[in-house]
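The values are calculated or read from the model by the stated rules, or taken from the named source; none is laboratory data. Here the structure is a predicted model, which is why all the values come from computation and not from measurement. Backbone-built Cβ (ideal geometry, glycine too); neighbour counts: all protein chains shown.
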Amino acid sequence: MDDQLYFYIKDCEINQKEFKFYLNILKDTLYPFLIEIETKIENYSCDRADYLYSSFDPDQQDPSDIEIATNEDTLDFSLSLINGNAYILLLTIAGIYHLWEKSVIDFLTTEIRHCRPSFPPPRSFNQISKYFNDYNINLSNYNFFNDLNELRLITNTVKHGEGESIKQLIDINSSILVYKPENRNIFYRFYNSDYKLYPRKEHIERYGDAIIQFWDYNNWDQARGHFYRKES
């Protein structure tokens, strides 16, 4: 039997369907709970100012004290809100990556063991890329690669903390690094103080689309799904 990877159109369709189903669940269950941050912060600031002014004593207090207290309280609230939303979305994004990784490991293991029964499953993105390269598939040549690679770097950062992956995200100028509010007058100095991960719904959409593209049979149809192992 020839040593090859074969992308079955039916298997590609099944994997696509699984990811589309997962993404639809996210849209139906997670998205409604995600708060529109800008509006929520502005509403909180107004409500907090109203509350503080309700007990304002002009004989004992200066109006500027109310403004300072409102700003300080709103900053604390905005930090908690942004970080809470970011944490939920980052866990979701990491889950998307792990689903893709599992599906690819299963694919590679099943296909390669047809000819090499003792083939060890890949344990990392680099190993996955190497095994594909052994069959003349350079993942970086495909349209989905940049988003898939960014997804990998984010997942590594979530799992291991800030390190080499965050440096690579900085190098590729990733839009997920800094939360940029539409209203740049609202605590803009904080949002740009350092590099952290602030995902939004559009990131989930983009990374999900990359995985759906990966399992699009049309990507592999130029070789009719057959990719032969390089000669040693």
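Would you please list the contacts, defined by Cβ atoms under 8 Å and residues six or more apart or on different chains, that run from a residue in region 49-77 that is more than 28 Å from ILE37 (Cβ to Cβ) to a residue that is of a type in the set (A, V, I, L, M)?
PHE56/ILE66
For LEU75, work out the one condition from (1) surrounded by 14 or more Cβ atoms within 10 Å (Cβ to Cβ); (2) out of contact with any strand residue (DSSP E or B) (no Cβ under 6 Å at 6 or more places or on another chain); (3) under 28 Å from GLN127 (Cβ atoms) it doesn't fulfil.
(3)
Among the residues that make up region 128-148, is at least one of them part of a helix (DSSP H, G or I), modelled with pLDDT under 90 and surrounded by 16 or more Cβ atoms within 10 Å (Cβ to Cβ)? Don't jump to the end; show me each part of the working.
Looking only at region 128-148, we keep the residues that are part of a helix (DSSP H, G or I), and these are 128-134, 139-141, 145-148.
Next cut, modelled with pLDDT under 90 only: none.
No.
Out of everything in region 32-57 that is modelled with pLDDT under 80 and not acidic (Asp, Glu), what residue ends up being surrounded by the fewest Cβ atoms within 10 Å (Cβ to Cβ)?
Going through the qualifying residues, I end up with PHE33.
Any residue at all in region 4-16 that is touching a Phe, Trp or Tyr at 6+ places or on another chain (Cβ under 7 Å), within 24 Å of ARG152 (Cβ to Cβ), surrounded by 12 or more Cβ atoms within 10 Å (Cβ to Cβ) and at pLDDT below 90?
For region 4-16, residues touching a Phe, Trp or Tyr at 6+ places or on another chain (Cβ under 7 Å), within 24 Å of ARG152 (Cβ to Cβ), surrounded by 12 or more Cβ atoms within 10 Å (Cβ to Cβ) and at pLDDT below 90: present.
Looking only at region 76-91, decide whether some residue is under 27 Å from ILE204 (Cβ atoms), β-branched (Val, Ile, Thr) and in a helix (DSSP H, G or I).
Yes - at least one qualifying residue is present in region 76-91.
Select from region 78-92 the residues that are touching a residue at least 40 places away in the same chain (Cβ under 8 Å) and among the small types (Gly, Ala, Ser) and write down the one among them that is nearest to ILE41 (Cα to Cα).
SER78
When region 151-176 is examined, which residues are found to be under 21 Å from LEU79 (Cβ atoms), buried (at least 17 other Cβ atoms within 10 Å of the Cβ) and modelled with pLDDT under 85?
Passing the criteria: ILE166, ILE176.
Kindly establish whether ASP28 is farther than 26 Å from PHE77 by Cα and assigned to a loop (DSSP other than H, G, I, E, B).
Working: farther than 26 Å from PHE77 by Cα: yes; assigned to a loop (DSSP other than H, G, I, E, B): no.
When the stated conditions are applied, ASP28 does not pass them.
Please enumerate the residues belonging to region 1-43 that are of a type in the set (A, V, I, L, M, F, W, C) and under 22 Å from GLN222 (Cβ atoms). Quick ask: steps written out before the conclusion?
First pass over region 1-43, keeping only residues of a type in the set (A, V, I, L, M, F, W, C): 1, 5, 7, 9, 12, 14, 19, 21, 23, 25-26, 30, 33-35, 37, 41.
Listed by number, the residues that qualify are LEU5, PHE7, ILE9, CYS12, ILE14.
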